[in-house]
1. Roughly how many nanometres apart are two label points built 7 Å out from the Cα toward the Cβ at LEU64 and VAL22?
2. If I take R0 = 35 Å and measure r between the Cβ atoms of ASN7 and PHE41 in this structure, what FRET efficiency does the formula 1/(1 + (r/R0)^6) give, to the nearest 0.05?
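The numbers here are math on the coordinates, done by the rules we state, and not lab data. In this text, all values refer to a predicted model and were calculated from it rather than measured experimentally. Backbone-built Cβ (ideal geometry, glycine too); neighbour counts: all protein chains shown.
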Amino acid sequence: MTRRVLNQLALLTILNNLLFVVIFHGTITTEYISESKYIQFIEILWILSLTGLIILPTIMCTLLDTSKFNTQKFPIIAILISLVSITVFAFTSI
């Protein structure tokens, strides 16, 4: 496990968060569209992105715990962004 791999995973997590925000906005918009093919496509992306919000930070936390690197800011920022996204999603779903 190298720093490069960890930083790429952090970048992937941040991109997944951006995708999540776009899909979250898209699901709100597609609720008003009557064509079901768009809704099904958005829902599949939604599930994949939401799964990524949970799995990617978990993998990074595990790798940071097992690695011998000093604390790296970029992966920790990516993990915190994921936690904020999940929290916002939870509050808006209530």
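1. The two pseudo-label positions are separated by 2.6 nm.
2. Efficiency, from the Cβ-Cβ distance: 0.65.
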